[in-house]
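This report refers to the structure that appears directly beneath it.
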Amino acid sequence: MTNAEKISREEQIKALLKKAENYRKEIGDSFHDNIVEGIFAEAERIASRAIQYPDKKPSKDWEVVLDRLLISKYAGYPIMFLMLAIVLWLTIQGANYPSDLLYDLLLGKIYPILKNAFISIGTPNWLTGIIVDGAYLATAWVISVMLPPMAIFFPLFTLLEDFGFLPRVAFNLDNFFRKVGAHGKQALTMSMGFGCNAAGVVATRIIDSPRERLIAIITNNFALCNGRWPTQILLASIFIAPLVPPVWAGVISAASVIAIALLGVALTLFTSYALSRTILKGIPSTFSLELPPYRPPRILQTLYTSLIDRTIYVLWRAIVFALPAGMVIWLISNVTYDGVPLAKYIVDFLDPFAIIFGLNGIILLAYIVAIPANEIVIPTILMLTVLIFGVEGYQHGVLFELDSLPDTANLLRIGGWTILTAINVMVFSLAHNPCSTTIYTIYKETGSWKWTTVSVVIPLTLGFLLTFIIAQVYFLFT
Amino acid sequence: MADCVNCPANVLSALKRYGENMQDADFVVALAGNPNVGKSTILNDLTGLKQHTGNWPGKTVTRAEGAFGYKEKKFKIIDLPGTYSLLSTSADEEIARDFILFGKPDVTLVVVDSTKLERNLNLVLQILEITDKVVVALNLFDELRRKNIKLDARRLSADLGVPAVPVVARSKEGINELIDYVWQVASGEYVCKPKRVKKFNGKIQKAIDDLTADVKKLFPNLPNARWIAMRLLEGDMQIEEAIKNGELGKLFQ
Amino acid sequence: MNIFLLILLLALLTGFVFLFGKLKSEREFREKIRVEDALKHIYTSNKENIPATLNSIKGHQKISDQSALKIIKTLIDSKLAERKKNQLFLTEEGKKYALNIIKNHRLWERYLAEESGLDEEHWHKEAEKMEHKLTEKERRELRKKLGNPLRDPHGDAIPSEEEDDFEIAGEQLSEIETTGKYKVVHVEDEPHEIYKEILKLQIYPQMPVEVTGINENSVTIKTEHGTLAIPKSVATNISVAKVETELLEGLQKLDSLKVGESGIVVKLSERLRGVARRRLLDLGIIPGSKIKVMYENVSGNPRAYEIKNTLIALRNDIAEQIFVRKEENG
């Protein structure tokens, strides 16, 4: 191209863009509408030429019947809650057996072998400690308690999704979420959060408007996840059940766990409301929800994809964070200064602060170091209690859990636990910073440190606030 | 990647997020469609369960890709985000649109829910504005049969100017035929004559025709001058820039 | 316990240092806002041939002599404005600067209207803040994202990057002399009191109206919401242009249909903008489509509609902006 040609071409391009600009001004904002209308008109014409409907309409479709049932006034909500309860029950109960197997394998069998192997090749004690008692133990722990529930929960959830049930749930619950300025699909991401918050955060991708999606991400942590249900059940059966006659023990502990989960839902709605009045001002502008036709779910396909997409994905991230955390846990409990383990210094330092909130230093330290997974909070608390109170009969400086409820209760009471401690740990377990896997996922999904920080600070603040109030009220009456 | 300066993936930064290396495949197939029409099932049917799928933590996008061989040719298949339209501004639609426009796939396979033909054709017609080489998979054909609805695929195919193949992704019915059509279109055996919507409101139709003529004059090799004209009228500044800095010209030399 | 207190003290100290730094940058930002607001004020005054003076700046921003003088000094020192016979005029540089702020403002309002879901009452105030924050690069990005829009949601033109400001043709509703069919082209968002009045009447740009009566005190118009008498004081803030198209009558809002009833979509209200509008169009909710109310949530909101063989749930605040003609025995 010669220079002159180049210039004339540039001129032509300029003229073209100018012309387009002028047309745009002439046509105004209706261009888009007109194009869509034109294309749809053509689509309608072509479709009507190709499709031939049967002469007489089929009598009532089973899909309509099902819709009437699932959306109906009286049956809709009960069916929904029943489904959720069944899924959670299957997950928590069903996970016990495989969990025990894994625990037996990874901690009962491999752990001693590994430790002996390290010792036999003459590895220094501290290195064996960091790697085997620290990193390996924590990681193995996370795998054995995390993998089975996820492997059960995710496929069940995906099946309900594929079948078409979940969009109906969103439809039923949208009312509540609309009132707090959020999207009905948040009901789904919240339910997903009952399984795993990291997966719940990823699931917010189904919410197509950015503001509502952020609200769903920030509040997901208030959905009590798999890693926290066992803590709640344990504490409820140790501390709350004895408050009533034995006949009612089961009912009251179940009720208190459900109460905590409902408190989580309340906090979700409250936080969503607060966010949509303040930093995320606005009303959802793009709410539209397709209720797809019901389709028989395909079991094998679902198992495969939910295993690959969700379970492995979450587990892998948890493992990555558990490794270093395991080392830290081992270090603070085994490195000593003046013959006193580091953990003791930290606990003593945290204690005066923790008392105000009806907690104690051990609990706070456990929540700090057990950030990779809520599953290892209780083992860490037990380990620290044994370490700091010098309880005899346990191995010092490694994570453990006790099979017997009375033994656990006994140990916690040695650690100074009261009914207040138990209630506040239950509340704090619900409202504290998300686990590191979830934090990392939030960062990945939002791409912003700001929103990640907000997601950490809000539940933490609310947790401290709630425990503070409960503690002060308790102190007032005792 | 570095030695492939002219391969389509490098032309626009918009595609960098895909990070494709496409030179090891003979044909690239883009997989498009509305959300919830069984796109991923089709992907699995085509590639078998052995292919590398997985959720890719992108911004809002989950993406999978796979490969399959047919008649000694290697096909690489890219799953685009499910969208209702390509005219709007959501991130998903932009990615799908950019890939079909700038990534220049050899075939775009549009998966359609046969029970909602009209709404799905909306997307098909939009894609036909951008690219000629399209195969339409009429999925969920069994649902139609169950409801006693008749769909004349040949007539549809003739009206659209591209192959339309009834399939049932769940049971792999019609998949072989689909692959064959993909191959035919990719290799040029089947020449598509895509339907282009001609009936817009008078003033708008005139503006489109006028601009299309100008775009054609400036870029004679462009297969979709009309789409470019429509994007200009829609105020798409990315296209404006691509025209200004010559990228559009380079792309279709 | 002592260590605990020490740490607390340290934390408080860091907090103060941080707060101090924040306050300082806050003060600098306020300074910038004042200068830029003065620029806008001189710009509009120059355009409308009203003298821009020390006093007018003082009155516009409600500030002291001293502050106003300081602003003027800054403007003149940085060669954005000149003083001629006690009046202030913008230099070319200054005009460009002012125009950019106006572009920021209008683009941001458009953004809020299209994508945020923020109530329209708050658009102006938010944009007043944001216009001082957007950099040129961000403005270009925003423009690109919004598809280079021509107007802001009040009907004001958004000039392109190279372009000068231009007016949208139209006359004040209070000044028109003949009855007939019109289209609202602009709604003035200042003063806020009157704007709120206009919002209450549900009048918005691009809305078709029919003027049926004009008298000394008010203008009577027919709209899709019914017949309204608009006081002249409010009508001055609404601009209209004559059009040919018919005002459609006898329409119903989609949310007023009962379960089981159906209708044909006639139009989407112009108040449905941006993402929300495009999404509805993509779903096939376009003039001529048949739509049927299938189910409703326990609370009656949202409701599920059948459109083009699909079930779509919409909230009532969206549905009330879709106008349909009810089908009998649908």
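Structural remarks
- Residue C:286 vs. criteria in contact with a strand residue (DSSP E or B) (Cβ under 6 Å, 6 or more places away or on another chain) and aliphatic (A, V, I, L, M): no
- A single entry from A:48, A:30, A:99 fulfils the requirement of being within 40 Å of the chain's Cα centre (by Cα), small (Gly, Ala, Ser) and assigned to a helix (DSSP H, G or I): A:99.
- The condition of being over 21 Å from the mean Cα position of the chain (by Cα) and in contact (Cβ under 8 Å) with a residue 12 or more places away in the chain does not hold for residue C:236.
- The lone exception for residue A:301 - which of (1) surrounded by fewer than 16 Cβ atoms within 10 Å (Cβ to Cβ); (2) within 14 Å of another protein chain (Cβ to nearest Cβ) it fails: (1)
- For residue A:31, the criteria (1) surrounded by 14 or more Cβ atoms within 10 Å (Cβ to Cβ); (2) touching a strand residue (DSSP E or B) at 6+ places or on another chain (Cβ under 8 Å) hold in every case but one, which is (2).
- Per-region count, the stretch A:302-356, residues in contact with a helix residue (DSSP H, G or I) (Cβ under 6 Å, 6 or more places away or on another chain) and outside any helix (DSSP H, G or I): 2
- Of all residues making up the stretch B:124-145, the number that are facing chain A (nearest Cβ under 9 Å) and either surrounded by fewer than 21 Cβ atoms within 10 Å (Cβ to Cβ) or assigned to a helix (DSSP H, G or I) (or both): 6
- Candidates are the residues of the stretch C:309-330 that are touching a residue at least 24 places away in the same chain (Cβ under 8 Å) and in a loop (DSSP other than H, G, I, E, B); the one that is nearest to the other protein chains (Cβ to nearest Cβ) is C:321.
- In the stretch B:198-237, of all residues being within 14 Å of chain C (Cβ to nearest Cβ) and outside any helix (DSSP H, G or I), the one that is modelled with the lowest pLDDT corresponds to B:199.
- Matching residues in the stretch B:84-115 - criterion: being assigned to a helix (DSSP H, G or I) and over 26 Å from residue A:31 (Cα atoms): B:114, B:115
- Contact annotation: no residue pair with Cβ atoms under 8 Å, 6 or more positions apart or on different chains, pairs a residue in the stretch C:28-54 that is without any contact (Cβ under 8 Å) to a residue 12 or more places away in the chain and surrounded by fewer than 19 Cβ atoms within 10 Å (Cβ to Cβ) with a partner that is small (Gly, Ala, Ser) and not in a helix (DSSP H, G or I).
- Residue satisfying condition, being in contact with a Lys or Arg (Cβ under 8 Å, 6 or more places away or on another chain) and either under 30 Å from residue B:37 (Cα atoms) or not assigned by TED's automatic domain parsing to the domain that holds residue A:125 (or both), within set A:298, A:310: A:298
- Flag for residue A:134 being buried (at least 20 other Cβ atoms within 10 Å of the Cβ) and within 30 Å of residue A:333 (Cα to Cα): yes
- Residue list for the stretch C:250-270, restricted to those being closer than 22 Å to residue C:293 by Cα and in a loop (DSSP other than H, G, I, E, B): C:250, C:251, C:257, C:258, C:259, C:260, C:261, C:269
Here's the yes/no breakdown for (1) over 25 Å from residue B:47 (Cβ atoms); (2) of a type in the set (A, V, I, L, M):
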position	(1), (2)
B:126	yes, no
B:147	yes, no
B:169	no, yes
B:187	no, no
B:209	yes, no
B:223	yes, no
B:227	yes, no
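- Tallying residues that are without any contact (Cβ under 8 Å) to a residue 12 or more places away in the chain and more than 9 Å from chain A (Cβ to nearest Cβ) within the stretch C:290-308 yields 0.
- Only residues that are surrounded by 20 or more Cβ atoms within 10 Å (Cβ to Cβ) and either more than 7 Å from every other protein chain (Cβ to nearest Cβ) or in contact with an Asp or Glu (Cβ under 9 Å, 6 or more places away or on another chain) (or both) were counted across the stretch B:240-253, and they come to 2.
- Test for residue C:236: is it within 14 Å of chain B (Cβ to nearest Cβ) and either surrounded by fewer than 17 Cβ atoms within 10 Å (Cβ to Cβ) or hydroxyl-bearing (Ser, Thr, Tyr) (or both): no
- Scope the stretch A:201-251; condition touching a residue at least 24 places away in the same chain (Cβ under 8 Å), within 11 Å of another protein chain (Cβ to nearest Cβ) and not charged (D, E, K, R); matching residues: A:201, A:202, A:204, A:207, A:209
- Checked against the criterion of being at pLDDT below 85, touching a Lys or Arg at 6+ places or on another chain (Cβ under 6 Å) and within 18 Å of residue C:199 (Cα to Cα), the candidates C:114, C:120 yield just one match: C:114.
- Some residue of the stretch B:176-196 being of a type in the set (Asp, Glu), under 23 Å from residue B:150 (Cα atoms) and assigned to a strand (DSSP E or B): no
- The residues of the stretch A:377-399 that are of a type in the set (Ser, Thr, Tyr) and within 16 Å of residue A:365 (Cβ to Cβ), listed by number, are A:380, A:385.
- Of all residues making up the stretch B:157-191, the number that are free of Cβ contacts under 8 Å to residues at least 24 places away in the same chain and either charged (D, E, K, R) or within 12 Å of chain A (Cβ to nearest Cβ) (or both): 4
The values are calculated or read from the model by the stated rules, or taken from the named source; none is laboratory data. Computed from a predicted structure; not experimentally measured. Glycine gets a Cβ as well: all are built from the backbone with ideal geometry, and neighbour counts include every protein chain shown.
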